[in-house]
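Contents: one structure, followed by commentary.
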Amino acid sequence: MKVTKRIAAVADLHCPRTSGEVLKPFFTELASQADIILLCGDLTDYGKPEEAQALVQSLAGVGRIPVLAVLGNHDYECGHAEEVERILCGSGVKMLDGTSVEIDGIGFAGVKGFAGGFGDRMLQPWGEPILKQFVHEAVEEALKLESALAKMSTASRIVLLHYAPIYATVEGEPSEIIPFLGSSRLEEPLNRYGVTAVFHGHAHHGSPEGRTREGVPVYNVAMPLLRRRFPDQQPVRFFDVPAAETVAT
Ligand SMILES: [Fe+2]
Ligand SMILES: [Fe+2]
């Protein structure tokens, strides 16, 4: 018998130090509606350990529902990204960074990603060393994603990113900042490995959904965007994904 699991994905919580009790009802409600929760970066506002503690407090009502996450650029701001990660891991959140995990026969790969722009206008590694270093970071993140996907053997493959892999889901942002919101270098592995769906954040004023060149669905789940675009709904994207087959008895 085919079964499905319901994913709830959201990004850009930007948890301040005081968010603990504020976000708790939101996550408790999600846990009653979904089987797996994905958090796609900018988990904290400045990457402070006490902000990560506040998120842990918010997640207390989630119970045994698996929570998977990647970091975002905000989680690096204060230079304590490792500690933020350690605090979240300690509370049971599965942090992905070029790694993958399998839950109920569904594979999940995650990486933060990086900037650099899209399509023909993508930044190229040419000229000053610092510019080459910038492009190198995007290439490295794409390689980490590729390596995580290469190790997966599940039929369903879900990807978590913070930065956008396609232009379509940043469309709506001011044109001046679009190259800082993602990179087409992240798109290649998604197409090559026939990913089932991709969730990202970072583009608070982008568009909620798009597709890669090969038709892979991409969802921008930045909480501020979802709140604005769907004011009557919870600021989260639900997605049903086929899980491992079970034998009917
Ligand atoms: Fe953000
Ligand atoms: Fe961000």
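The shape of the stretch 1-130 comes out oblate: with a ≥ b ≥ c from the C-alpha gyration tensor, a/c is at least 1.5 while a/b does not beat b/c.
Over the stretch 20-177, Cα pairs under 8 Å with separation of 6+ residues give a relative contact order of 22 percent. Ranked by the mean number of other Cβ atoms within 10 Å of their residues, highest first, the peptides 215-225, 86-96 come out as 215-225, 86-96.
Expressed to the nearest 5 percent, the antiparallel share of DSSP beta bridges inside the stretch 4-242 is 35 percent.
Charges were assigned to the Cβ only: +1 to each Lys and Arg, -1 to each Asp and Glu. The resulting dipole of the chain about its Cα centre is roughly 580 debye. Take each peptide in 75-83, 166-174, 185-193, count the other Cβ atoms within 10 Å of every residue, and average; sorted highest first, the result is 185-193, 166-174, 75-83. Bridgeable aspartates and glutamates around K94 (alpha carbons under 16 Å apart, same-chain partners fewer than 8 residues away excluded): D35, D42, D75, E82, E83, E85, E102, D104. Identify which of G72, G98, G63 has the largest mean-square fluctuation in a Gaussian network model of the chain, with springs joining Cα atoms closer than 10 Å. Looking only at G72, G98, G63, the largest GNM fluctuation is found for G63.
Legend: distances between Cα atoms for K24/K112; K24/K151; K5/K112; pairs beyond 32 Å are K24/K151.
Placing unit charges on each Cβ (+1 for Lys and Arg, -1 for Asp and Glu) gives the stretch 4-242 a dipole about its Cα centre, and among A197, V139, L225 the Cα reaching farthest toward its positive end belongs to A197. Considering only S156, G119, L30, the residue lying farthest towards the positive end of the dipole of the chain is S156, judged by Cα position with unit charges set on Cβ. Restriction of the trypsin sites (Lys or Arg not before Pro) in the stretch 1-49 to DSSP coil positions whose beta-carbon has at most 14 other beta-carbons within 10 angstrom yields K2.
Rounded to the nearest 500, the 222 nm mean residue ellipticity of the chain from helices alone is -8500 deg cm²/dmol, with -39,500 (n - 2.57) taken per DSSP H run of at least 4 residues.
Bear in mind that the values in this text are calculations on the coordinates, not laboratory data. Keep in mind that this is a model prediction, so the values were computed, not measured. Methodologically, a virtual Cβ is constructed for each residue, glycine included, from the backbone with ideal geometry; neighbour enumeration extends over all protein chains shown.
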